[in-house]
Amino acid sequence: MTTILEVEQLRTRFRTDSGVVSVVDGVDFSIRAGETLGVVGESGCGKSVTSLSIMRLLPQNGKSEGTIRFNGKDVLGLSEKDMQRVRGNEIAMIFQEPMTSLNPLHTVGRQIEEAVMLHMKVSKAQAKERAIAMLKAVGMPRAEEIYGEYPHQLSGGMRQRVMIAMAMSCDPKLIIADEPTTALDVTIQAQILDLMRDLKEKTGTSIMLITHDLGVVAEMCDRVIVMYAGQVVEETDVDTLFESPKHPYTIGLMNSIPELDDEREYLETIPGAVPLPQQMPKGCRFAPRCSKAMAICNEQPPELLQLGGQKCRCWLYQDGGEQA
Ligand code: SF4
Ligand code: MG
């Protein structure tokens, strides 16, 4: 399978009042054509910053180093003009809260049309036709009417369908979806996931799916990277993730999947919190929260090791692995 996106030693830093902080710290991964890669971890682990680095949409005080190769292009080396062509056209993004990325003053039809016209050489009439076709493709009832409605007239689930319609309207090769269903209730969430899976099967687009929800991962993903404190700590195919997770952090995430009738808050079972970038532990970044921590864990950072088809960054496996 061809690789569509390759990220090597990505480092993203921000200038802040308290100095330069490193939020993504040497991240490597790739996405193949037609594949859905899950990016999992708690908030503050660098998942969203990784995706914004790929899109080159970091705030002013952020800067990325390393290599991002997308479809043969050196993303970090592109001019802003060339990057604009990549955004939306070849890589599209779907966010958690569509209300913040839709323009409240324009009808949904106009917004999809504008996305189409920005990236495809079509007439206004053709763009309208495509906008309505996309609304139908994402399962909108009354697509012609919805075309003329404003975002606030739609429910959260419908707005997310509009976002997906916009994202798909230019046939992107890669969709980056950042917590696309987190703001939706469970029934609508399932519908949106079904829709994304259907569209992916029809179009062959690749998806980078950022989520803290392992249920979503089980439903959607082929492979997964688990991020902790700005680094990849585990990489595996989805079956192995559920059958034999290796990193203590991944295992903690697994144990904190709530049962169906369980009202616990998410992640109750991993004590403590993700360290702040200014206060990274010197050894393993997970050590302060790890029940398996050994003396060496507090002293030296573990490398990401290849263990068969899996990769894991943990001293527990140091003897059985090779450097990845
Ligand atoms: Fe836990 Fe040590 Fe492994 Fe870190 S390296 S996850 S502290 S066992
Ligand atoms: Mg995020």
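The values are calculated or read from the model by the stated rules, or taken from the named source; none is laboratory data. Everything numeric here is computed off the predicted structure, so don't read it as measured data. Note: ideal-geometry Cβ built from the backbone for every residue, glycine included; neighbour counts use all protein chains shown.
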Filter the stretch 227-241 for residues that are of a type in the set (Val, Ile, Thr) and more than 14 Å from the chain's Cα centre (by Cα); the one that is nearest to Gly41 (Cα to Cα) is Val233
Residue that is modelled with the lowest pLDDT, among those in the stretch 251-292 that are exposed (fewer than 11 other Cβ atoms within 10 Å of the Cβ) and within 23 Å of Thr240 (Cβ to Cβ)
Glu259
When residues of the stretch 178-219 are limited to those that are within 13 Å of ligand 2 (Cβ to nearest atom) and of a type in the set (S, T, N, Q), the one surrounded by the most Cβ atoms within 10 Å (Cβ to Cβ):
Thr211
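Within the stretch 1-117, which strands (runs of 3 or more DSSP E) (wholly inside it) include 1 or more residues that are free of Cβ contacts under 8 Å to residues at least 12 places away in the same chain and away from ligand 1 (no atom under 16 Å from the Cβ)?
On the way: elements: 3-16, 19-32, 36-40, 62-70, 91-94.
The qualifying strands (runs of 3 or more DSSP E) are 19-32.
Here's the yes/no breakdown for (1) surrounded by fewer than 16 Cβ atoms within 10 Å (Cβ to Cβ); (2) among the β-branched types (Val, Ile, Thr):
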site: Leu10; (1), (2): no, no
site: Thr16; (1), (2): yes, yes
site: Gly19; (1), (2): yes, no
site: Val40; (1), (2): no, yes
site: Val49; (1), (2): no, yes
site: Gly62; (1), (2): no, no
Identify the single condition in (1) of a type outside the set (Lys, Arg); (2) surrounded by fewer than 20 Cβ atoms within 10 Å (Cβ to Cβ); (3) modelled with pLDDT of 95 or more that Ser53 does not satisfy, given that it satisfies every other one.
(2)
Only listed residue being over 30 Å from Ile251 (Cα atoms) and of a type in the set (S, T, N, Q), chosen from Ser155, Ser206:
Ser155
So, in the stretch 223-260, how many residues would count as being within 25 Å of Arg11 (Cα to Cα) and of a type outside the set (Phe, Trp, Tyr)?
19
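Where in the stretch 213-262 are the helices (runs of 4 or more DSSP H), entirely inside, with at least 3 residues that are over 27 Å from Cys297 (Cβ atoms) and of a type in the set (A, V, I, L, M, F, W, C)? Spell out how you get there, then give the answer.
Numbers: elements: 214-220, 238-243, 248-255.
Once the helices (runs of 4 or more DSSP H) in the stretch 213-262 are filtered for at least 3 residues that are over 27 Å from Cys297 (Cβ atoms) and of a type in the set (A, V, I, L, M, F, W, C), what remains is 214-220.
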Matching residues in the stretch 123-181 - criterion: being of a type in the set (S, T, N, Q), in contact (Cβ under 8 Å) with a residue 40 or more places away in the chain and in a helix (DSSP H, G or I):
Gln160
In the stretch 284-300, which residue that is over 27 Å from the mean Cα position of the chain (by Cα) and among the small types (Gly, Ala, Ser) is farthest from ligand 2 (Cβ to nearest atom)?
Ala295
